[in-house]
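Please read the structure below before turning to the comments.
The values are calculated or read from the model by the stated rules, or taken from the named source; none is laboratory data. Source: prediction; values computed, not measured. Note that each Cβ is placed from the backbone with ideal geometry, even for glycine, and that neighbours are counted across all protein chains shown.
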Amino acid sequence: QVQLVESGGGLVQPGGSLKLSCAASGIAFGLYVMGWYRQAPGKQRELVATITSNVNTNYADFVKGRFTVSRDNAKNTVYLQMNSLKPDDMGVYYCNARLFIQNYWGQGTQVTVSS
């Protein structure tokens, strides 16, 4: 059974930082493209960042220079370091694992940016 379990969300003040983690099980983690997506209330889910098995990264323009995606294949875990957080960054952050037609999602973790 495939499981993606996110953690690390919470409440942070504008300008603050959070680090999200996503622990995967049930997949050959090292082969998968891992990604982070987010969904704000009333909006569609959008791509935040991805990291390939070769550790090539891709970021949405609105997080470039502020967020960093990384992976630890020994721990089957992908991370998202989020710095300089803004209120617009609020939403539920989802972990994604993708390999060819296989596509899995975590349950999401809430990020709230507010003073």
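Descriptive notes on the structure:
- Matching entry among Asp89, Asp72, Asp61 (being surrounded by 13 or more Cβ atoms within 10 Å (Cβ to Cβ) and acidic (Asp, Glu)): Asp89
- Test result for Gln1, at pLDDT below 95 and within 19 Å of Ala97 (Cβ to Cβ): yes
- Among the residues making up the stretch 30-48, those that are of a type in the set (A, V, I, L, M, F, W, C) and either farther than 15 Å from Gly106 by Cα or in contact with a Cys (Cβ under 6 Å, 6 or more places away or on another chain) (or both) are Leu31, Ala40.
- When the stretch 64-115 is limited to residues that are in a strand (DSSP E or B) and in contact with an Asp or Glu (Cβ under 6 Å, 6 or more places away or on another chain), the one that is farthest from Asn54 (Cα to Cα) turns out to be Val113.
- In summary, Gly30 fulfils each of the numbered conditions (1) buried (at least 16 other Cβ atoms within 10 Å of the Cβ); (2) outside any loop (DSSP other than H, G, I, E, B) with the single exception of condition (1).
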